[in-house]
1. Considering the convex hull of the alpha carbon atoms of the range 15-78, report its projected area averaged over all viewing directions, in nm², one decimal.
2. Would you mind putting 6-18, 100-112, 83-95 in packing order, based on average other-beta-carbon counts within 10 Å, highest first?
3. Quick one: how many lysine pairs does the chain have with C-alpha atoms less than 22 Å apart and a gap of 8 or more or different chains? Give me the count, please.
4. Give me a comma-separated list of calculated 3J(HN,Hα) values for the range 12-20, in order, Karplus coefficients 6.51, -1.76, 1.60 applied at θ = phi - 60°, integers in Hz, x for any Gly or Pro.
5. Net charge near L213, counting Lys/Arg +1 and Asp/Glu -1 over other residues with Cβ under 14 Å of its Cβ?
6. If you wrap a convex hull around the C-alpha atoms of the chain and split its volume per residue, what is the figure in Å³?
7. Could you check how much of the accessible area of the chain is carbon and sulfur, as a whole percent, using a 1.4 Å probe?
8. How large is Rg over Rh for the range 128-200, taking Rg from the Cα atoms and Rh as the Kirkwood inverse mean of 1/r across Cα pairs?
Amino acid sequence: MKCKPDLPLQFNRTAPDQMRDRAEQFYTQMQQRRSVREFSPQPVPQDLIEHAILTAGTAPSGAHRQPWHFVAVSDSKIKSQIRTAAEKEERESYEHRMPKQWLDALTPIGTNWRKPYLEIAPWLVICFAKNIGDDGAKNYYVQESCGIACGFFITAVHNLGLVTLTHTPSPMRFLGEILGRPNNERPYILFPVGYPATNATVPDLKRKSHDQLMTWLEGD
Ligand code: IYR
């Protein structure tokens, strides 16, 4: 049984031609998004980051349990601690834990264990996933929900005119310890956020072609 009455949906219809204009503009804008690893130290006002997190928080989630919490760090001492801990794990991963096949897959991207952006980017935003809510009840579809929220976050950062990187140092338990997070939270993704460095470069990657990307089974 529902405990509250439903509300009327707030919905404004858009004419198909206007939808087409918007779709094209949005796609063109999103097509310009790139994961960036070279950041400028230029500060970014806190309210901008706050809006990107608020946008992430509009994501759908299993049973509307909103199984996420975001921590935003601009404190340089904490950023240094995070860099030191991440590089320790990443060095171990690159030198001993990651199989050759994985290292080969990363060759075109050119990553290594060094993560200077963890100190240089003005903000580190960490999404924590919660398998158990603060009310002690179980959350559902935590991976999917947090993945969608992080997608919204990345889109919001791009829309602001800033850049980010989906960074997952592994293992990243250290983030919960450094940031003093409760036991029901597990670090999910770490996002450095800021302006790109002057003359930042990105790998020469291709996105899937139309046909690689989609299949149509059209109706009558
Ligand atoms: N977490 C490591 C390795 C890494 C893994 C994947 I899959 C990438 O797309 C990129 C990097 C790192 O951050 O370097």
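The values are calculated or read from the model by the stated rules, or taken from the named source; none is laboratory data. This structure is a prediction, so every number in the text was calculated from the model and none was measured. A quick note on method: Cβ atoms are made from the backbone with ideal geometry, for glycine too, and the neighbour counts reach across all protein chains shown. Side chains included, ligands, DNA and RNA excluded: accessible areas come from the protein's heavy atoms. Shrake-Rupley method; radii C 1.70, N 1.55, O 1.52, S 1.80 Å.
1. That works out to 7.5 nm².
2. In descending order of packing, they fall as 83-95, 100-112, 6-18.
3. Total qualifying Lys-Lys pairs in the chain comes to 10.
4. Coupling constants for the range 12-20: 10, 5, 10, 5, x, 5, 5, 4, 4 Hz.
5. Value of the local net charge: +2.
6. 202 Å³
7. Ligands and nucleic acids excluded, carbon and sulfur reach 54 percent.
8. 1.04
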